[in-house]
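Throughout, read-outs are computed from the coordinates displayed, never taken from laboratory work. Please read all numbers here as calculations on a predicted model, not as lab measurements. We place every Cβ from the backbone using ideal geometry, glycine too, and count neighbours over all the protein chains shown.
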Amino acid sequence: MELSGLWRLQSSEVGDIRPVEAAAPGLDDRFWITARVPGDVHSALIERKLIDDPYFGHNDAKSRWIERKEWWYRYTFDYALGEDKEERHELVFEGLDTFAAVFVNGHEIGTTANMLMAHRFDVSRVLRNGKNTIAVRFDPLYLHNREKEQFQWSSYTKERPWLRKAAMNFGWDWGPRMVTTGIWGKVRIERKRLAKLESVFARTVQRNGTEAVIRVDAEAARIRRGTALEASVRLWDADGRVAAEGSFPLGGRTGSLELTVADPRLWWTHDLGEPYLYELEVTLQADGEPVDRYRKPFGIRTIQLQLEDEQGRKAFAFVLNGVRLFAKGANWIPVDHFIGAAPDDRYRDLITLSVEANMNMLRVWAGGIYEKDIFFEECDRQGVLVWQDFAFANALFPDFNRDFMENVRQEVVYNVKRLRNHASLALWCGNNEIDWLYDMKTAGGDLTCPFYGEAIYHELIPEVLEELDDSRAYWPSSPYGGNDANDPQEGDRHNWQVWHGSVYPRKFGEPPLLEYSVEGVTFKNYKKDFTLFSSEFGMHASANRYTLEKNIPEGEFYWNSAEMAYRNKDTNHQKGILLMEGFTGVPKDIEEYMNFSMLTQAEGLKYGIEHYRRHKERTSGALVWQLNDSWPGTSWSMIDYELLPKASYHYARNFYHPLLLSLDHEPGGELAVWVVNDTLQAYEGQVRLTVYDFRGAEVSSFRLAAKVPANGAVELGRLPEAEVLNGRPAEEVVVELMAEGWEAPANRYFLRDPKDLRLPAAVLKVEKGGEDGTVRITADSVLARMVKLELPQGNVRFSDNFFDLLPGETRTVSVTDAAGNPVPLDKLMVSALNE
């Protein structure tokens, strides 16, 4: 029985409302406000217009009072008890944020202290026939940490290490402090008789060309003692046929069997094949009577983390169904600061956008949550691998405290059991940056205490995984490995030389160094990085115009305004200026800031990712920081809060494409032409390199033979810059790579940075297609740089955007909403950087 929907909500000063009154079944709560569940207090107050939108201007500061109050939720419902006195009724909360006391019909049935897991209560003895009332009291956090020891290190705030709550709620370098509370997950009552399934664990243990072996474990609990339990298993294919079946007894609480599936259809990432899903059904029988059932999608696949290649060299590569893949994707943060109120469609849209940009992996970052079921369901369905951090980010944690560690153990056990059956889940990771930063802060003199929390990532979590999930790898931290946890010679790496100016190489015990200069932060440093796996890297870009204008007070939408600065939560805003100074030049107004920052991010990520991909024999992954935003700010995201892609997202469709034509060149040096092939098919043909001036005249042209192996990268040849330029200045040409005799997207390059180019003024011809939602854009007689389409609405989809047009070239762009329906184009704006 689902109990989601409209509940009642009331606040008070701490202790002003007596639980015996607030939880009483007969309380008249008609004067309390209504609040949606799942949701949170902030979202309820916004919906009822009791607080101003916290995302607008500085309004987040006006809602800080919420975190100091005590909040009560109430819900009244009718329930029919059966005649079976042994029937068990359990009240399940999928998410309570964070310290809650739960009452049913005036009886306190338990308390909670963890936002990051579900909570289950046996309410068999307190439920009634007919009308029932649930009440939940949420304490302000300060009641539970004000007397606690503070540690030397906890990024952004010292209050969170004792609290098992999404770290980003306290503010991060891409979002504001917004300390939520409330019922953020679904609520339901489950009724069981005789016995119930506690968990099911299914995984592929063996696979060859003609069959796969699936091991299925089941854990059950008896409600009536002495009941004989048996589990029957069926694996259904997508056409509804039984692919395999069997049964096994549960003598104690657990049992298992192995199913052999003939001619299995494998689950692949979308870029390598079909993410085929079976349906796994496990039925629990008690004394021969079916009493509980599990039925969910299941993908047959194997996944390994390769730490040494066939030649015995260090590696960090994911091997899916025997294929070593290049992980292309981004880091995922919560889709909204108000996690409970975020609709499922927001998840579907973001994952769909990821797939359309050729991403095959998302890393769920440690400072958020263990994502909702909808996230993993969509990744399973759409063929995207998931790197899942455990929820420990950038702080010390009290691993010496028994109660804290037991809370953590329950959280880890719950989430491992909940997520381990997903085909998309590729890796468990212990924390974000803690091992690396502990060493740097200790070496720099900022820390003098022991490594509090170390026992969580190096003892507790691996012990739980050894017992509960033997089907995928565990990695203790990110980054991790080598002589310095961020060593490019071993493990994964976070490249923050770019943007943050971190100076490398570095070894354990050496004080960290930062270089805030044009040379220190430039994305040209990516080419110095020969990491095995780049799991975090990136740079800021402005949000889109609509996102900013919607959330900035009138008169404040200009470059360097206090409101624009408030959108940027990063330390030292000078980093972005330095990055642009060295590439586009420093912007003079808001238009230039939006354009220059987006172009720098897009070209910078292209520069770095193409470098990583060209060296795929060594480097096996590139995950951009970050995919999305949780509020309308300026950040590293590729898609802003209103689900409007930035320029870098549209570039990603090319630089993450399975077939990549790539040019490796630095001013004055040779032009090295590469092809990168992430598919399992070999290609043969030619690649044509053509140089045009900005008025469309051909300067030179070359053809290079291309014999491209499957899942490989090859350099086709090198051309001297002078020969390519054929007497023309490098500041006045563009280079185009095109495949001939085989299919691969074209790629274009400028041989000098934007600030040095001599671009004439371009003229655009724009033809709107009417009701079909298309627009044709033609460059007149001059190359149009970074043609940008804008509409004043969120979640609009452009089939292409932020592209260059050669003189006389036409591009047709379809413009739709997220569902694919055409949108009105009367307010469409089209511009170019040099228009």
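Got the relative contact order for the chain handy, in percent, Cα pairs under 8 Å and 6 or more residues apart?
RCO, the chain: 9 percent.
Amide H to amide H under 5 Å from Ile109: which residues, 5+ apart in sequence or cross-chain, H placed 1.01 Å off N in plane?
Val102, Phe103, Val104
Pull out the extension gain between Arg224 and Leu764, defined as 0.36 nm times the separation in residues minus the alpha carbon to alpha carbon distance; nm, one decimal.
186.7 nm
Return, for the Cα atoms of region 223-323, the radius of gyration and Dmax in Å, separated by a comma.
So, for region 223-323, Rg and Dmax equal 18.3, 58 Å respectively.
Taking a 30 Å limit on the Cα-Cα distance, which of the listed pairs Lys528/Lys765; Lys528/Lys646; Lys69/Lys646; Lys606/Lys788 fall beyond it?
Over 30 Å Cα-Cα: Lys528/Lys765; Lys69/Lys646.
Quick one: Cys429, Cys449, fewest Cβ neighbours within 10 Å first, how do they rank?
Sorted ascending by nearby Cβ count, the order is Cys449, Cys429.
Please compute the net charge surrounding Trp365, taking Lys and Arg as +1 and Asp and Glu as -1 over other residues with Cβ under 12 Å from its Cβ.
Around Trp365, the surrounding residues sum to -3.
Under 14 Å from the Cα of Lys158, which aspartates and glutamates turn up, not counting those fewer than eight places away in the same chain?
Glu147, Glu149
Please compare each pair in Lys49/Lys550; Lys186/Lys372; Lys527/Lys588; Lys148/Lys569; Lys165/Lys372; Lys328/Lys507 to a cut-off of 19 Å on the Cα-Cα distance and tell me which ones are over it.
Lys527/Lys588; Lys148/Lys569; Lys328/Lys507
Using modelled backbone amide H atoms (1.01 Å from N, in-plane), which distant-in-sequence or interchain residues come within less than 5 Å of Arg164's amide H?
Met115
Hey, what do the phi angles of region 214-224 turn into as Karplus ³J(HN,Hα) couplings, whole Hz, using 6.51/-1.76/1.60 and θ = phi - 60°, x for Gly and Pro?
Couplings: 10, 9, 10, 10, 10, 10, 9, 10, 7, 8, 9 Hz.
According to the square roots a ≥ b ≥ c of the eigenvalues of the Cα gyration tensor, what is the shape class of region 592-643, taking rounded for a/c under 1.5, prolate for a/b larger than b/c otherwise, and oblate for the remainder?
It comes out oblate by the Cα gyration axes.
So I have (1) 193; (2) 176; (3) 323, and one of them is volume of the Cα convex hull per residue in Å³ calculated from this model. Which one is it?
(2)
Would you please give the residues with an amide H less than 5 Å from that of Gly255, counting only those at least 5 places away or on a separate chain, with H modeled from the backbone geometry?
Here the answer is Ala218, since their amide H atoms fall under 5 Å of that of Gly255.
Within 13 Å, Cβ to Cβ, of Lys588, how many net charges do the neighbouring residues add up to if Lys/Arg are +1 and Asp/Glu are -1?
Net charge in that neighbourhood comes out at -3.
Which ³J(HN,Hα) values, rounded to whole Hz and listed in residue order, are derived for region 235-245 from phi using the Karplus coefficients 6.51, -1.76 and 1.60 in 6.51 cos²θ - 1.76 cosθ + 1.60 with θ = phi - 60°, glycine and proline given as x?
10, 9, 7, 5, 9, x, 9, 7, 8, 6, 7
So if I place +1 on the C-beta of Lys and Arg and -1 on the C-beta of Asp and Glu, and nothing else carries charge, what would the dipole magnitude of the chain be about its Cα centre? I want it in debye, nearest 20.
Working: 98 positive and 127 negative charges, 208 e Å.
My answer is approximately 1000 debye.
Per residue of region 517-524, in order, report the coupling 6.51 cos²θ - 1.76 cosθ + 1.60 (Karplus, θ = phi - 60°) as ³J(HN,Hα) in whole Hz, putting x for Gly and Pro.
Residue by residue, region 517-524 yields 8, 4, 6, x, 9, 4, 6, 5 Hz.
Could the peptides 112-120, 737-745 be put in order, highest first, of the mean number of other beta-carbon atoms found within 10 Å of their residues?
By packing density, highest mean first, the sequence is 112-120, 737-745.
Among residues other than Phe316 whose Cβ falls under 9 Å from its Cβ, what is the net charge (Lys/Arg +1, Asp/Glu -1)?
Value of the local net charge: 0.
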